[in-house]
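A short worksheet on the structure shown next.
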Amino acid sequence: MNNKIYDLIQKSIINLEKNELEILYNYWNSDEKRDDFKDWIRNKDIISENQYSTENAIAHGIDLPFWFNHQNPQNRIMIIGIDPLRNKKDFIDADITNDVIIGTPYAVHSKKMREGRTKEYWNFIRSLKEQNIVYLTDVFKLFFIDEEKKTRSYNYLSTNYRKENLSILKKEIEILNPTIIITLGKLSFELLTETKLKSIVDNLNNSVHFDDEFNNIPIIPLVHLSGAVRKKQKLIFLEKNSIYSEENIGQSYASLVNNFLKKLKTIEQL
């Protein structure tokens, strides 16, 4: 799988040689971090022409797909977010006008972020990867800030560029052939499935989507784990899925997914 993902990254996301990608991924997977390692900061000229930004764009960010392998996985789980959000304060060591900061979805490569801002995401992912392959990606691979227009960067994308990003995502699905696809947040679900979601705070049996285009892989939407989403909304969502815990939201989300997968296997065996 690694080589196929590397090829897709090179062709469609960012112009890095395979050995450069391997250096990045090996570093991200290593417990040893060097203060002088800055290979994730690059000039924005290496962003693929398949991506798109505006004339006044600054603070470019790309999150490359990231995955946790397992020797004997029970399932292959794909988690899809919306885009690689960046803040101006992220560019302390980078040129906010001319550089792009390369990272991973939910900053899973960063121990500091795992223990801080993205803790709930990490609790969710860590619990799932104990017995499964877990693959993380975004619908939109590039984020930027436009100094003149104050809106999320994917709102600038033309229909063709939106289709290009969805095409990349579909190739990722083809490569991984996941057992299940999880979308975090309403928008990523609606973009992928091209359907409107009446309510994301619902029992998964009511919101699961099966599509011939994706070999009927179940696609389920979860209320976003972002800190911007009220804890009460997450707890209501969990309760609708018979999970009653306020201690660890991320781990509770993992229990929800595992329960769904068990039900799915039971149905398949009937």
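The values are calculated or read from the model by the stated rules, or taken from the named source; none is laboratory data. Only a predicted model underlies this, so the values are computations on that prediction, with no experimental measurement involved. Here Cβ is always computed from backbone atoms with ideal geometry, including for glycine, and neighbour counts include all displayed protein chains. The area values use the complete protein model at the heavy-atom level, side chains included, leaving out ligands, DNA and RNA. Shrake-Rupley method; radii C 1.70, N 1.55, O 1.52, S 1.80 Å.
Could you say whether any residue in the stretch 54-61 is at pLDDT below 90 and open to solvent by 90 Å² or more (accessible area, probe 1.4 Å)? Scanning the stretch 54-61 turns up at least one residue that is at pLDDT below 90 and open to solvent by 90 Å² or more (accessible area, probe 1.4 Å). The condition of being in contact (Cβ under 8 Å) with a residue 24 or more places away in the chain, farther than 20 Å from I133 by Cβ and not aromatic (F, W, Y) does not hold for T104. Would the stretch 170-182 turn up any residue that is modelled with pLDDT under 90 and on the phi > 0 side of the Ramachandran plot? No, the stretch 170-182 contains no residue that is modelled with pLDDT under 90 and on the phi > 0 side of the Ramachandran plot. Here is the figure for the stretch 104-128: residues that are modelled with pLDDT under 95 and either part of a loop (DSSP other than H, G, I, E, B) or farther than 19 Å from V257 by Cα (or both) total 12. On the stretch given as the stretch 140-169, residues that are more than 26 Å from N98 (Cβ to Cβ) and open to solvent by less than 30 Å² (accessible area, probe 1.4 Å) total 2. Residue selection: K33 satisfies the criterion of being part of a loop (DSSP other than H, G, I, E, B), over 30 Å from K265 (Cβ atoms) and not hydroxyl-bearing (S, T, Y).
Listed by first and then second residue, the pairs linking a residue in the stretch 37-59 that is free of Cβ contacts under 8 Å to residues at least 12 places away in the same chain to a residue that is surrounded by 14 or more Cβ atoms within 10 Å (Cβ to Cβ), with Cβ atoms under 7 Å apart and 6 or more places separating them unless they lie on different chains, are F37/Y27. Restricting the stretch 9-30 to residues that are charged (D, E, K, R) and assigned to a helix (DSSP H, G or I) leaves a set whose member that is most open to solvent (accessible area, probe 1.4 Å) is K11. Give the stretch 150-184 a look and list any residue that's among the hydroxyl-bearing types (S, T, Y) and within 20 Å of T195 (Cα to Cα), or say none. Passing the criteria: Y154, S158, T159, Y161, S167, T183.
A search for C-beta distances below 6 Å between a residue of the stretch 215-234 that is under 20 Å from D138 (Cα atoms) and any residue that is surrounded by 11 or more Cβ atoms within 10 Å (Cβ to Cβ) and basic (K, R), counting only pairs 6+ apart in sequence or on different chains, returns V223/K234. Of the residues screened, A254 is not one that is exposed (fewer than 13 other Cβ atoms within 10 Å of the Cβ) and aliphatic (A, V, I, L, M).
Against the condition within 15 Å of I77 (Cβ to Cβ), touching an Asp or Glu at 6+ places or on another chain (Cβ under 9 Å) and open to solvent by less than 40 Å² (accessible area, probe 1.4 Å), how does Y135 come out, does it pass?
Yes.
Could you check the stretch 82-115 and list, in sequence order, the residues that are hydrophobic (A, V, I, L, M, F, W, C), on the phi < 0 side of the Ramachandran plot and either open to solvent by less than 50 Å² (accessible area, probe 1.4 Å) or in contact with a helix residue (DSSP H, G or I) (Cβ under 7 Å, 6 or more places away or on another chain) (or both)?
I82, F91, A94, I96, V100, I101, I102, V108, M113
Looking across the stretch 170-184 at every residue that is aliphatic (A, V, I, L, M) and surrounded by 23 or more Cβ atoms within 10 Å (Cβ to Cβ), the one that is nearest to P218 (Cα to Cα) is identified as I181.
Number of residues in the stretch 68-86 that are modelled with pLDDT of 90 or more and not in a strand (DSSP E or B): the value is 10.
Which fully enclosed helices (runs of 4 or more DSSP H) of the stretch 173-248 have 1 or more residues being charged (D, E, K, R)? Hits in the stretch 173-248: 186-193, 231-240. Within the stretch 234-249, does at least one residue satisfy the condition of being buried (at least 18 other Cβ atoms within 10 Å of the Cβ) and over 23 Å from K198 (Cα atoms)? Yes; the residues of the stretch 234-249 include at least one that is buried (at least 18 other Cβ atoms within 10 Å of the Cβ) and over 23 Å from K198 (Cα atoms).
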